[in-house]
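Throughout, read-outs are computed from the coordinates displayed, never taken from laboratory work. Just so we're clear, the structure is a prediction, and the values are computed from it rather than from any experiment. In this analysis, Cβ positions are derived from the backbone assuming ideal geometry, glycine residues included, and neighbour counts consider all displayed protein chains.
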Amino acid sequence: MEDSLSSAAITDNLKTKIIGQRVIYYPRLTSTMEVAKRAAKRGAVEGTVIVADEQTAGKGRIKRIWLSPKGNIALSIILHPGIVYLPALIMLASLAVVYSIETVTGLKLQIKWPNDVLINGKKVCGILIESDVRGNRVDYTIIGIGINVNLRLADFPELSPIATSLSDELGREVSRLDIIRRLLVEVERLYLALPSGESLYEPWRDRLVTLGRRVQVGWGKTGYEGIAESVATDGSLLLRRQDGSLTTVVAGDVTLRDRER
Ligand code: BTN
């Protein structure tokens with residue numbers, strides 16, 4: 001499949017006003033997060049997108065490495081949201097990914113709290129959100145999105161039990177360009193709707209595979225185990241512990257245990 005990325009191919013006739021009106025493409029870089037951060041500090045306009053064919057030092061959540069070979073999508077979007085909208089960005093980013101992939105491929109996606117996107121229980125997309133907040137003002141927020149598109153997981157045996165790609169699911173290659181262009185439209189649609197109070201909470205909650213499951217949540221040296229009972233409107237996870245207490249988890253990495261009966 002002819003699937004070469006370029007700034008022009010992404011922006012050409014793109015139906016957005018802000019997101020993706022400026023796209024900076026790199027065949028290869030360390031991490032789109034790092035390049036986006038430097039661009040944001042130099043005053044890049046809101047909606048600027050840094051996209052790469054390949055990352056040599058892709059960053060995951062909790063200081064993990066994110067594998068980012070050619071054939072996948074790696075991009076970061078620079079935003080200047082009001083501080084009240086920061087919690088919603090987790091929901092916004094994961095829903096935008098879900099909607100865009102579903103529209104382009106017809107696959108059905110789920111979300112694992114807080115914002116891993118899964119197909120049939122395996123991770124297809126990771127999202128990293130980093131913000132520079134000064135007092136009650138957000139200097140910039142960067143939403144980093146990595147999607148396994150045309151990747152043979154059989155070539156990565158350590159990942160294949162937990163990860164998948166769009167091409168593995170469909171048995172054919174998928175246009176990264178189609179996904180990126182749709183994704184930018186979805187991010188903008190949801191982003192511009194934030195001030196109207198349109199809720200992202202319910203569609204996000206309804207996609208969560210985490211709820212009702214026994215989970216282990218880790219954050220740094222802290223770990224909790226319990227039943228993921230529900231999520232609050234600010235996106236935090238409400239965990240019912242074995243002693244009956246309810247713990248609110250604001251951030252962390254979830255491992256799904258056995259399904260509760
Ligand atoms: C996760 O741990 O699940 C988050 C992974 C985020 C990966 C994306 S790829 C584009 C952007 N650049 C990076 O270095 N990381 C994010």
ask   = If you take the residues in segment 29-59 that are part of a loop (DSSP other than H, G, I, E, B) and crowded, with 17+ Cβ neighbours inside 10 Å, which one is farthest from the ligand (Cβ to nearest atom)?
value = Glu46
query = Can you pull out the residues in segment 1-18 that are crowded, with 17+ Cβ neighbours inside 10 Å and either free of Cβ contacts under 8 Å to residues at least 60 places away in the same chain or under 22 Å from Lys59 (Cα atoms) (or both)?
reply = Leu5, Thr11
request  = Could you list, in sequence order, all residues of segment 106-139 that are away from the ligand (no atom under 15 Å from the Cβ) and under 14 Å from Ile83 (Cβ atoms)?
outcome  = Asp132, Val133, Arg134, Gly135, Asn136, Arg137, Val138, Asp139
Residue satisfying condition, being farther than 28 Å from Thr255 by Cβ and buried (at least 17 other Cβ atoms within 10 Å of the Cβ), within set Leu184, Leu200, Leu151 = Leu184
query = Which residues, counting only those in segment 203-219, are touching an Asp or Glu at 6+ places or on another chain (Cβ under 9 Å) and in a strand (DSSP E or B)?
reply = Arg213, Arg214, Val215, Gln216, Val217, Gly218, Trp219
ask   = Out of the residues in segment 220-249 that are outside any strand (DSSP E or B) and in contact with a strand residue (DSSP E or B) (Cβ under 8 Å, 6 or more places away or on another chain), which is surrounded by the fewest Cβ atoms within 10 Å (Cβ to Cβ)?
value = Gln242
query = What tally of residues in segment 65-78 results from selecting those that are farther than 12 Å from Ile127 by Cα and within 6 Å of the ligand (Cβ to nearest atom)?
reply = 1
